[in-house]
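Input: a single structure, listed below in structure tokens.
The values are calculated or read from the model by the stated rules, or taken from the named source; none is laboratory data. Just so you know, these numbers come straight off a predicted model, no measurement behind them. As a convention, Cβ positions derive from the backbone with ideal geometry for all residues, glycine included, and neighbour counts pool all protein chains shown.
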Amino acid sequence: MRISIPAAVLAGCATALLFPPTFAVADTSVAPAPRASAGGGSVTSVALAPGGTVAPRATRAFELLGVVWDGSPTALAGGSVRVRTRDAVTGRWGDWHTLGAEAVDGPDSVQHGSTAPLWAGRSNGVAVDVHPGPAGLPHGLRVELVDPGQGAASADTQSLPEHVAGPEALAAPRPGIVTRAGWGADESIREAGFVYTGSARVAFVHHTDTATAYACSDAPRVIRSIYQYHVQSNGWRDIGYNFLVDRCGTIYEGRAGGVNQPVLGAHTLGFNTNSSGIAAIGTFSSDDPPQELQDGIAKIAAWKLGLGGWQADGSAKLTSGSSDSRYPKGTVVDFDSISGHRDGVATECPGDALYARLPAIRDTAARLQG
């Protein structure tokens, strides 16, 4: 199945479409072996040359890519990472795309760095150009090419229907949620076991920075790609987000451990504890988020915050767990209960248009809490 989504940056918050000139492709007689996942998915690593480049070359088919390196996640601060890809159907090469190399999401303590990933659509060629920052080029630079495949088959329940809330204070209905089985997660690639924190006091809203005009039936493919990149490329224990919402308002379970449990995510560097990460699938820098998507965010935020007795239109204090956030480690910060990714980390995410809708989303979530 070929996905219909055009190319756009996923998590780094800057978009552009692929296309234009063709150029020669380097010979690749020895292709690196991919790391497989169930349902035909795979991740292939291609090492960069000592100068921080990959010459234009043919590759196995992929749909998402990113650049990772060993050492500090801030090792490329002040530098830049550019990639371009070749469309597997037309054979045309796209424009160069700059990938965000800043540490803006992930576990509060990470051992290596990575760029935001890029959704490229079905591609079979790549070129990479990395310019170092003041610290020079980090070791182990490689580009990771992700093919989401068709997803793991499962006989488990694939969706949780809406559940009407009881009479408790701040109780909001649990919205319908597509489980990990529903989007085809390969549970064998993540770490076994789960990590929990206190109840979610703050819901951080993100956008994945893919195009907005996608078929909602393609959303599971995007989620599987993000999952594989977060786990098999970045080395995280699981996908970073706790929940994702598509343009039709469908809500998806993210990180495993129980949708009603306070699962520790890896979505807002420094503020993953006592919070929940909700990612809107799409790019909302200038495009207005569909009302269905806004309602989906409000529904899952109202229910998740209400489980711990937190008001959706209130505020809560969190303590920074990383000096790579906007605040030095140990700083106590007062957040709106429904905040944007940019409130905790130096990023444009979740886009100006979606960020501007957060007050309305808070109002809707508060009404749902009764």
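Is it the case that the range 231-246 has a residue that's over 17 Å from Trp303 (Cα atoms) and either hydroxyl-bearing (Ser, Thr, Tyr) or not assigned by TED's automatic domain parsing to the domain that holds Arg190 (or both)? Yes, the range 231-246 contains at least one residue that is over 17 Å from Trp303 (Cα atoms) and either hydroxyl-bearing (Ser, Thr, Tyr) or not assigned by TED's automatic domain parsing to the domain that holds Arg190 (or both). Selection of first residues in the range 60-83 that are on the phi > 0 side of the Ramachandran plot and of second residues that are of a type in the set (A, V, I, L, M, F, W, C) and assigned to a loop (DSSP other than H, G, I, E, B), restricted to Cβ pairs under 8 Å at least 6 apart or on distinct chains, gives the following pairs, ordered by first then second residue: Gly78/Ala135. From the list Gly344, Gly351, the one residue that fits, being in contact (Cβ under 8 Å) with a residue 40 or more places away in the chain, on the phi > 0 side of the Ramachandran plot and in contact with a Ser or Thr (Cβ under 7 Å, 6 or more places away or on another chain), is Gly351. Does Val130 satisfy the condition of being over 19 Å from the mean Cα position of the chain (by Cα), surrounded by fewer than 19 Cβ atoms within 10 Å (Cβ to Cβ) and not acidic (Asp, Glu)? Taking the combined requirement at face value, the residue does not satisfy it.
The lone criterion from (1) within 22 Å of the chain's Cα centre (by Cα); (2) part of a loop (DSSP other than H, G, I, E, B) left unmet by Val143 is number (2).
Let me confirm something: among His206, His230, which residue is at pLDDT 95 or above and under 21 Å from Val104 (Cα atoms)? Don't jump to the end; show me each part of the working.
On the way: His230 fails: at pLDDT 95 or above.
Being at pLDDT 95 or above and under 21 Å from Val104 (Cα atoms) holds for just one of His206, His230, which is His206.
Tallying residues that are hydrophobic (A, V, I, L, M, F, W, C), surrounded by fewer than 24 Cβ atoms within 10 Å (Cβ to Cβ) and in contact with a Lys or Arg (Cβ under 7 Å, 6 or more places away or on another chain) within the range 285-315 yields 1.
Yes/no matrix, rows are residues, columns are (1) among the aromatic types (Phe, Trp, Tyr); (2) over 17 Å from Glu144 (Cβ atoms); (3) in the same structural domain as Asp238 (by TED's automatic domain parsing); (4) touching a helix residue (DSSP H, G or I) at 6+ places or on another chain (Cβ under 7 Å):
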position: Val46; (1), (2), (3), (4): no, no, no, no
position: Trp69; (1), (2), (3), (4): yes, no, no, no
position: Thr90; (1), (2), (3), (4): no, yes, no, no
position: Glu102; (1), (2), (3), (4): no, yes, no, no
position: His112; (1), (2), (3), (4): no, no, no, no
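With respect to Ala172, determine if the residue is over 30 Å from Ala302 (Cβ atoms), out of contact with any strand residue (DSSP E or B) (no Cβ under 8 Å at 6 or more places or on another chain) and assigned to a loop (DSSP other than H, G, I, E, B). For Ala172, the condition - over 30 Å from Ala302 (Cβ atoms), out of contact with any strand residue (DSSP E or B) (no Cβ under 8 Å at 6 or more places or on another chain) and assigned to a loop (DSSP other than H, G, I, E, B) - is not met. The residues on offer are Arg92, Arg84, Arg174, and the sole one that is at pLDDT 95 or above and either touching a Gly at 6+ places or on another chain (Cβ under 6 Å) or among the hydroxyl-bearing types (Ser, Thr, Tyr) (or both) is Arg84. Of note, Ser199 does not satisfy the criterion of being more than 24 Å from Leu305 (Cα to Cα) and either hydroxyl-bearing (Ser, Thr, Tyr) or not assigned by TED's automatic domain parsing to the domain that holds Lys317 (or both). For the range 267-290: of the residues being among the aliphatic types (A, V, I, L, M) and modelled with pLDDT of 95 or more, which is nearest to Pro175 (Cα to Cα)? Once the filter is applied, the top-ranked residue is Ile278.
Take Arg255 and tell me if it is at pLDDT 95 or above, crowded, with 22+ Cβ neighbours inside 10 Å and outside the structural domain of Trp69 (by TED's automatic domain parsing). In short, yes.
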